[in-house]
Ligand SMILES: Nc1ncnc2c1ncn2[C@@H]1O[C@H](COP(=O)(O)OP(=O)(O)OP(=O)(O)O)[C@@H](O)[C@H]1O
Ligand SMILES: [Mg+2]
């Protein structure tokens, strides 16, 4: 039982009426007790996935399993899942205490136990003392926190959180990210968190599913996804990237901007067209003689920790550099980078093919030791 994923999607497709599907053949597994994030742009299907898990809508095709049992037709109130909705969905006629206590009253819990559980939940979201406030007297951020308290107080097996921090200011948001993550570890409850903010996803998650247009583009740990994006969409969505067209000459040798560079990728076809990603922080400013690329500085922005420098190469590709060094606008500079900084992306590669290729690299590394 312990090894059965708590939630599984098997080839789930969802369409509303006769419109084109909003989820297309989506399959994934959620392991118990981890923090998952669904990350993707507006309209990609994040809320739809949560609604399917919660039972507020039904899959058009495919299977949804909970603890190994098919739940496609199990009603929402019979599922071990609580949701923090994108619009909070609080009860406007109940005060803060009663909103949080609602689920416990339905379970017929005794008053003293309700009192202490509600108090604990409100403490967690920093709303102690607000018990008797009316919902309409609360700010957007406070309502959001009431909604989180209402979900955690029931201690369900899974909590679904639909952009729960989006209305908070930056400071409170960062604080709540940390607190939510801590709470998840403490409770050991599985969290499925939705956001379109990549930094939030990277900071909070054990696993991220990157979605676009109703499909999972890539799934993995934050580091995996940041370091090895599968395609241009993921590379662009997760952090800033320099992406240029290139050609794989042979194993460990790739060509772009008219030059050949040593890289760590292998197993692609000879002369296969590819796309290259280099992160701005992996580019180092040097003299034009020592640089692997020669570029002209177009603009310079001070970002607090580093300068963001935009440059162009001879082919007109833009190169974004994050550096603590300055460079004067209009001058020519060299850019240096290590072979490991070059990420080679195969065009149109599926996640299975991509994972197989990465595993092959790992084997080569191990053999070499
Ligand atoms: N009840 C519905 N009837 C028809 N189409 C719907 C319905 N609910 C959602 N959709 C459509 O399904 C697609 C995915 O919507 P969804 O709400 O899952 O997106 P999302 O990723 O949560 O976006 P956002 O970040 O804006 O909340 C959208 O194109 C949306 O218009
Ligand atoms: Mg949504």
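The values are calculated or read from the model by the stated rules, or taken from the named source; none is laboratory data. Only a predicted model underlies this, so the values are computations on that prediction, with no experimental measurement involved. A quick note on method: Cβ atoms are made from the backbone with ideal geometry, for glycine too, and the neighbour counts reach across all protein chains shown.
Worth pointing out:
- Qualifying position, being surrounded by 12 or more Cβ atoms within 10 Å (Cβ to Cβ) and at pLDDT 95 or above, among 271, 317: 317
- Within the stretch 101-139, the set of residues being loosely packed, with under 11 Cβ neighbours inside 10 Å, in contact (Cβ under 8 Å) with a residue 12 or more places away in the chain and in a helix (DSSP H, G or I) comprises just one member, 136.
- Test: residue in the stretch 14-25 that is more than 10 Å from ligand 1 (Cβ to nearest atom), out of contact with any strand residue (DSSP E or B) (no Cβ under 6 Å at 6 or more places or on another chain) and under 24 Å from residue 189 (Cβ atoms): no
- Condition check for residue 52 on (1) within 16 Å of ligand 1 (Cβ to nearest atom); (2) surrounded by fewer than 15 Cβ atoms within 10 Å (Cβ to Cβ): one failure, at (2).
- Scanning the stretch 156-177 turns up no residue that is within 24 Å of residue 355 (Cα to Cα) and assigned to a strand (DSSP E or B).
- Flag if residue 236 is outside the structural domain of residue 282 (by TED's automatic domain parsing) and more than 9 Å from the chain's Cα centre (by Cα): yes
- Count of residues meeting criterion [closer than 17 Å to residue 149 by Cβ and at pLDDT 85 or above] in the stretch 179-192: 6
- So residue 82, is it part of a helix (DSSP H, G or I) and more than 8 Å from ligand 1 (Cβ to nearest atom): no
- Listed here are the strands (runs of 3 or more DSSP E) enclosed by the stretch 185-248 that have at least 2 residues being free of Cβ contacts under 8 Å to residues at least 12 places away in the same chain, within 16 Å of ligand 1 (Cβ to nearest atom) and surrounded by fewer than 18 Cβ atoms within 10 Å (Cβ to Cβ), and there are none.
- Single unsatisfied condition, residue 62 versus (1) at pLDDT below 95; (2) away from ligand 2 (no atom under 13 Å from the Cβ); (3) part of a strand (DSSP E or B): (1)
- Residue count for the stretch 294-347, restricted to those that are in contact with a helix residue (DSSP H, G or I) (Cβ under 6 Å, 6 or more places away or on another chain) and over 30 Å from residue 249 (Cα atoms): 0.
- Among the criteria (1) within 24 Å of the chain's Cα centre (by Cα); (2) closer than 22 Å to residue 293 by Cα; (3) crowded, with 20+ Cβ neighbours inside 10 Å, the one residue 254 does not fulfil is (1).
- Residue, nearest to residue 275 (Cα to Cα), within the stretch 320-369, restricted to residues that are part of a helix (DSSP H, G or I) and at pLDDT 90 or above: 341
- Residue 25 being surrounded by fewer than 22 Cβ atoms within 10 Å (Cβ to Cβ), touching a residue at least 12 places away in the same chain (Cβ under 8 Å) and either outside any helix (DSSP H, G or I) or away from ligand 2 (no atom under 13 Å from the Cβ) (or both): yes
- Subset of the stretch 292-313 [part of a loop (DSSP other than H, G, I, E, B) and modelled with pLDDT under 95]: 303, 304, 305, 306
- Any hit, the stretch 36-58, residues being more than 16 Å from ligand 2 (Cβ to nearest atom), within 21 Å of residue 205 (Cβ to Cβ) and in a strand (DSSP E or B): no
- Residue check, residue 302 free of Cβ contacts under 8 Å to residues at least 40 places away in the same chain, within 22 Å of residue 233 (Cβ to Cβ) and assigned by TED's automatic domain parsing to the domain that holds residue 344: no
- Failed condition for residue 50, given (1) closer than 14 Å to residue 163 by Cα; (2) in contact with a helix residue (DSSP H, G or I) (Cβ under 6 Å, 6 or more places away or on another chain): (2)
- Some residue of the stretch 142-153 being surrounded by fewer than 16 Cβ atoms within 10 Å (Cβ to Cβ), more than 17 Å from residue 28 (Cβ to Cβ) and away from ligand 2 (no atom under 16 Å from the Cβ): no
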